[in-house]
1. Within segment 92-106, name every residue whose backbone N is under 17 Å away from a label modeled 7 Å from Cα of Arg130 along the Cβ vector.
2. Taking a virtual spin label 7 Å from the Cα of Thr356 along the C-beta vector, which residues in segment 194-216 bring their backbone nitrogen under 18 Å of it?
3. State, as an integer percentage, the relative contact order of the chain based on alpha-carbon contacts under 8 Å between residues 6 or more apart.
4. If I stretch the segment between Thr406 and His433 completely, what's the gain in nm (0.36 nm per residue apart, minus their alpha carbon distance), one decimal?
5. In the structure displayed, which of Lys247/Lys368; Lys20/Lys52; Lys242/Lys283; Lys283/Lys343 lie more than 19 Å apart, Cα to Cα?
6. Taking the Cα centre as origin and putting +1 on Lys and Arg beta-carbons and -1 on Asp and Glu beta-carbons, what dipole magnitude results for segment 40-188, to the nearest 20 debye?
7. Pairs of alpha-carbon atoms within less than 8 angstrom and 6+ residues apart define the contacts here; what relative contact order does segment 368-441 have, in percent?
8. Relative contact order (percent) for segment 290-441, with alpha-carbon contacts under 8 angstrom and 6 or more residues of separation?
Amino acid sequence: MPLPIPAELPPVGVGSSPYKPGDCFHGIAPEYFDRRTAEAPNQLWYERGPEKYYEVRMQSSVHEFIPGVKTPIFSYDGFYPGRTIRSRVGQPIVIRYWNDLPVETSIHLHGAHTPSHSDGSPHFFVLPGRARDYFYPLSVPMLNGQPDFAESPSTMWYHDHGLDVTDHNVWRAMCGFCITVDDIEQALIDSNVLPAEQYDIPLCMQDRTLNPDGTLAFNPLDNNGHLGNIWLVNGVAQPFMKVQRRKYRFRILNGCNARFTEWQLSDGKPFMRIAKDTWLLPKPIEESTLLMSPAQRADVIIDFTDAPPELFLQNILSQDNGRGPNGSFAQRAHLATPVPFLKFIVEGPVQTDSATVNLNSTLRHHEKLDPATAVGVRTFDFHRRNGAWQINQQFYDPNRADATPTIGSTEKWILRNNSGGWWHPIHIHLESHQLLSFNGG
């Protein structure tokens, strides 16, 4: 089947809303009404442009992962993946999410700088039959009182995050992209350094397993992570995409529940990587393969100018257990036969108006934080006990705050994985961060 490109979610209002934000059962983040903080009441966040308003219904639907096989799923408005949210950095949006499902939900905008009440905390449910308004400033952190556009978001995604149901709900197809652009990135697109929107393709890479009757196979008592044997891109099993002989930007999301992936092009040529997770890199880097944990994103440029007529984006990483890939991080086990997820069919003559990005292109200035300014050090030890996770010997408790940093301060956090062989991707909500070292290096 041809690769489906997720449609854009249209707003129901710009500048004025057909509904009153907060006038629903679960309300809205208080920051929507008073855009200040108790610790720094004079510190406003960066904001531009009129507010945009959306409305989404989470509902049961039917989807064909495999042509002709109808599979019941959970969805956003009946779409899988959910429709893509597009906006400008600093342009606030409000999304009213209605829950028409038989299970509670909580929506997390993964990679965003948001008020905590809109973050999709596991216990901030949207109950069946109810609605919650999510307020997303789509802003950037402040540095010395000024917006730090080094941290402007670009590729994000939204997914369910409800307590004890995240694995189940995401497996049932609850995910979608959110793409924002600031003046810096838009200038790169307008000047043809980065590919234009029609050559900018989001790819949600996932694995799923079906029962003989076509329903999704899911064992709620299996706490070791679910692996699939059907290879999906944007909800379709092993599709193809026709491309021109030019450069394309692909926003690759590992949307798997437990599968790590290592992507490779079948002709062996390297990727030109321009972004990691939410943020553009200062300059592109060249990578022969892309190792990605669940929920990670990688924005890459693939140049089809001299590509063979057929090319595959394939996974080469061996994994048969939800705990992680086979082998060690330094010596990963690779598949004898790579798994092709997406087939490219390269057509036509070389396109002379292709994007000009190369390894010497400047994408974005990055302001490096000074470790010497850290006001404290926090250590988080991750453990696996009684079939569940602990941090610093404690199970999750929504009524306990394990860290309460002061706004405007810098801290150093040390994350240790002591989980007995598990590969454990760790995602810090609410705030971006800079990596100082990995395994001491």
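1. Counting only backbone N, you get 96-106.
2. 194-197
3. 14
4. My answer for the length gained is 8.2 nm.
5. Check vs 19 Å cut-off fails for Lys247/Lys368; Lys242/Lys283; Lys283/Lys343.
6. Rounded to the nearest 20 debye, it is 380 debye.
7. 38
8. Result for segment 290-441 is 20 percent.
Computed from the coordinates by the stated procedures, all read-outs in this text should not be read as laboratory data. Because the structure is predicted, anything quoted here is derived from the model rather than measured. Note that we place each Cβ from the backbone using ideal geometry, even for glycine, and neighbour counts take in every protein chain shown.
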